[in-house]
1. For the range 28-35, check the following and say yes or no: at least one residue is part of a strand (DSSP E or B), open to solvent by 20 Å² or more (accessible area, probe 1.4 Å), of a type in the set (Lys, Arg) and out of contact with any Cys (no Cβ under 7 Å at 6 or more places or on another chain).
2. Just to be sure before I move on: is Phe280 over 12 Å from the mean Cα position of the chain (by Cα) and in a strand (DSSP E or B) in the structure I sent?
3. Say we look at the range 466-490 and pick out the residues that are among the hydrophobic types (A, V, I, L, M, F, W, C) and not in a loop (DSSP other than H, G, I, E, B); which of these is surrounded by the most Cβ atoms within 10 Å (Cβ to Cβ)?
4. Within the range 141-188, which helices (runs of 4 or more DSSP H) (wholly inside it) include 2 or more residues that are free of Cβ contacts under 8 Å to residues at least 12 places away in the same chain and over 17 Å from the mean Cα position of the chain (by Cα)?
5. Look through Leu84, Leu56 and report the one residue that is outside any helix (DSSP H, G or I), closer than 30 Å to Pro216 by Cα, of a type outside the set (Asp, Glu) and over 20 Å from the mean Cα position of the chain (by Cα).
6. Take the residues in the range 443-465 that are more than 21 Å from Lys401 (Cβ to Cβ) and open to solvent by 70 Å² or more (accessible area, probe 1.4 Å); name whichever of them is nearest to the chain's Cα centre (by Cα).
7. Of the numbered conditions (1) under 13 Å from Gly81 (Cβ atoms); (2) open to solvent by 20 Å² or more (accessible area, probe 1.4 Å), Pro132 fails exactly one; give the number of that condition.
8. Yes or no: Ile317 surrounded by fewer than 20 Cβ atoms within 10 Å (Cβ to Cβ), under 17 Å from Leu369 (Cβ atoms) and out of contact with any Asp or Glu (no Cβ under 6 Å at 6 or more places or on another chain)?
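The values are calculated or read from the model by the stated rules, or taken from the named source; none is laboratory data. Just so we're clear, the structure is a prediction, and the values are computed from it rather than from any experiment. Note that we place each Cβ from the backbone using ideal geometry, even for glycine, and neighbour counts take in every protein chain shown. Just so you know, the surface numbers come from the protein's heavy atoms only, side chains and all, with ligands and any DNA or RNA stripped out. Shrake-Rupley method; radii C 1.70, N 1.55, O 1.52, S 1.80 Å.
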Amino acid sequence: MYIGIDLGTSAVKIVLVNQDQVVVASMDRPFATDRPKPGWAEQNPGVWFEMVAAGLDELASKNGNQMAQVSSIGLSGQMHGAVLLDKYDAPVRPAILWNDSRSAAEAFELNQKYPELIETAGVRAMPGFTGPKLLWLSRNEPDTFTSASYLLFPKDYLRLQLCGERSTDVSDAAGSWLLDQRNRSWSNKSIMACAAERLTLPEVFESAQPTGTLDPILAKKWALPHGVIIAAGAGDVASGCVGVGAVDDQHGLISLGTSAQVVVSSGTFQPQTENLVHTFCHALPDRWFNMAALLNGTSVLDALSRWTGGTKVGSMITNVEKRFDRPGRLLALPYLSGERTPHNDSEIRGAIVGLRHSSTTEDITLAFLESIAFSLADGLAALEVGDNRPAKMALIGGGSKSAFLSGLIASILNIQIVKHTGAELGPALGAARLARLALTGENFSEVVTPLPIQRVFEPNANLHQQYGPRLKEFQRLYKALRDDFGSDSV
């Protein structure tokens, strides 16, 4: 038996997987994000581990026999976060998250002063990355920054609590702007540029390597055997690819959760920095992935739910589906947290145009559903070089639960969308697979296989043709509004 733990932005998900790669139990625990100032996004690392502990308590109480057979644990998690610890391993401040935009000026400065580091890091510096955050902290919170001794990434804070080791993996380290992607090791030049030279960074492992063993006290608490291995694990994107088996260049991945990513794997390191594509180390040795990173996924629908009185997102989508027969009349921008690919714009915000007295909640909901799909289309276009277009895309994350949204994405992108069984648990499943590999040393091809297909969504040619002009209008709307938002916009 293997456990996969995925530390997301809004919840932790834990799966218990057997030898046949079947999920025998799962659970999730939600938590909130603090936004103390416009553009800021922070979380208390202690809350992460509280939620993990509560989840494992639940699994132990309901699945004691299976827990007693667990041999390894894998970790997955939100990328780019900055977790700073003092010499006693206590956080010196809340963690700064991937969707925090306070370091926009530092990111711009890094690109201007160190253009040679852009290809080394696999992407232009952006405010969401760890390195620019560290540079901002060194200038704006110097006392706090000086009190820090160690840097960790979110999932690796869990590792520290589980086994006492300060380690990370290549795919999570890849999202920091501190890693030499080609050589899969820390870049001293990037570390110096980001004012991080006095911090001790975690040791970097390949994702399927063991990094320690579970604390015996915790093992006893959760009815786990002695000597349970903790695998290095992976960032959520790479882990999601491993989870559904989309690890070659013909099987792309769309991860649609709080944020969204469009991913295609590669056996070579070929950065596409001019397209604002992220080229990062993969969870499998000698592999990388090219990613269009979108800051706004299902969080847009969660916000819309709040704005319209708390109607559940699922019900909102169902109401749209009942009336849908053509593209909507309203046009929306989903950029509530700014955007990375293809804009690298931390100041743009969401918008909706075309409202009239007759507009309904369903009209507004459809506009934002379409805007999510349009931004995914922009992301896929940024990844395509020549004929480099995958034959199909696996869809994972919470957004994969909606058949209507899945079909809409297929038609707007004009590509086959495949939903695998357990797709909403993709990163947690990937973590469990990496846990197994860390224990057994099996060949990757024997474990990282595609999950069973639950449903295939083929593009509707008529809808794709109708949406062509709307996608262009969406792109023009961004250009028209991008200069009208200031850094104090929220």
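1. The answer is yes, given that some residue of the range 28-35 is part of a strand (DSSP E or B), open to solvent by 20 Å² or more (accessible area, probe 1.4 Å), of a type in the set (Lys, Arg) and out of contact with any Cys (no Cβ under 7 Å at 6 or more places or on another chain).
2. yes
3. Here the answer is Phe474.
4. 142-147
5. The unique qualifying residue is Leu84.
6. Going through the qualifying residues, I end up with Ser445.
7. (2)
8. no
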